[in-house]
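K.L.:
What follows is a structure written as structure tokens; I'll ask about it next.
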Amino acid sequence: MTDSARWLNRNFAGWSNLTAQEKRAIRDFPVLWSIFELRATGRNGQRPDASPERICQAVDDLEVEPTSEVFQRAKIYFSSRYFHAGNPTVAYSHLQVNDAFQGRVRDALLDAGAGTGVVLIGLLLVVNRLRKNFLHGGKAAYAFADQLDNFRHANAVLMSAIPLWD
């Protein structure tokens, strides 16, 4: 049996430069996403599928108010990463948010008075795009460099969101 950590250090340039904390956040992310996808969108006999449409519907259908200090901290972090003076940053363009959901993300991250459901939808749409870039090689292209805060906030959002569908 091959030890994946050893293999990554030997065969993936840049992996050995990441801290243990960065590696842990990166490795935890897909597991947390999978649990979120199951709980939030795999209800009532539906196949789990956390597409943007299904994420919006899952949050809209919540029977509890999605409040969490974690969501507010993530909103602050992602809004400063993806917008400067109300304008999208280069990092935001790399997210490649579908045009149909640009307004939801912008409202969630930039509107100081956005409701908690609006904020949660926007955060989950951002996390969805991080997932896409993670699983389709976008993050690996630069060896996950400087991604700790992205994944730390994404993981925190997922851990706070998952219990909303218990």
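The values are calculated or read from the model by the stated rules, or taken from the named source; none is laboratory data. Quick caveat, the model's predicted, so the values are computed rather than measured. Note that each Cβ is placed from the backbone with ideal geometry, even for glycine, and that neighbours are counted across all protein chains shown. SASA here: full protein model, heavy atoms, side chains in, ligands and nucleic acids out. Shrake-Rupley method; radii C 1.70, N 1.55, O 1.52, S 1.80 Å.
K.L.:
Work out, in µm²/s and without decimals, the Stokes-Einstein translational diffusion coefficient of the stretch 115-166 at 37 °C, 0.692 mPa s, Rh from Kirkwood over C-alpha pairs. List each step's numbers first, then the result.
P.N.:
Numbers: Rh = 11.8 Å.
Result for D is 277 µm²/s.
K.L.:
Could you state the angle between the C-alpha long axis of helix 148-161 and the longest principal axis of the C-alpha atoms of the chain, as a value from 0 to 90 degrees rounded to the nearest 10?
P.N.:
50
K.L.:
Then there's this: If you place +1 on the Cβ of every Lys and Arg, -1 on the Cβ of every Asp and Glu, and leave all else neutral, what size is the dipole of the chain about its Cα centre, to the nearest 20 Debye? Intermediate values should be presented prior to the final figure.
P.N.:
Numbers: 19 positive and 17 negative charges, 136 e Å.
Dipole about the Cα centre, nearest 20: 660 debye.
K.L.:
Starting from the Cα coordinates of the chain, work out the convex hull volume and express it per residue in Å³. The partial results should precede the final answer.
P.N.:
Values: hull volume 21.0 nm³, N = 166.
Value for the chain: 126 Å³ per residue.
K.L.:
Looking at the stretch 51-130, which GluC sites (Glu not before Pro) are DSSP coil and have at most 15 other C-beta atoms within 10 Å of their C-beta?
P.N.:
Hits after loop and neighbour filter: Glu63.
K.L.:
Ok, one more. Over the stretch 50-161, what is the relative contact order in percent, taking alpha-carbon pairs closer than 8 angstrom and at least six residues apart?
P.N.:
Once divided by the residue count of the stretch 50-161, the mean separation gives 34 percent.
K.L.:
Still on this model: Leaving out ligands and nucleic acids, and using a 1.4 Å probe, what accessible area per residue does the chain come to in Å²? Don't jump to the answer; show the numbers that get you there.
P.N.:
On the way: 9020 Å² over 166 residues.
About 54 Å² of surface per residue is accessible.
K.L.:
For the stretch 1-53, what value does the Rg/Rh ratio take when both radii are computed over Cα atoms and Rh is the Kirkwood radius, given to two decimals?
P.N.:
Dividing the radius of gyration by the Kirkwood radius yields 1.18.
K.L.:
Using a 1.4 Å probe on the protein heavy atoms only, what accessible surface does Leu38 show? Give it in Å² to the nearest 10.
P.N.:
Approximately 90 Å² for this residue.
K.L.:
Shifting gears a bit: Just to confirm the number: angle between the C-alpha axis of helix 69-82 and the first principal axis of the chain, 0 to 90 degrees, nearest 10?
P.N.:
The two axes meet at around 70 degrees.
K.L.:
Got a number for carbon plus sulfur as a percent of the chain's accessible area, 1.4 Å probe?
P.N.:
Details: 4520 of 9020 Å².
For the chain, the apolar C and S fraction of the accessible surface comes to 50 percent.
K.L.:
Okay, moving on. Sorting check: for 112-122, 42-52, 20-30, which peptide has the highest mean count of neighbouring beta carbons within 10 Å, and how do the rest follow?
P.N.:
Ranking, from highest mean packing down: 112-122, 20-30, 42-52.
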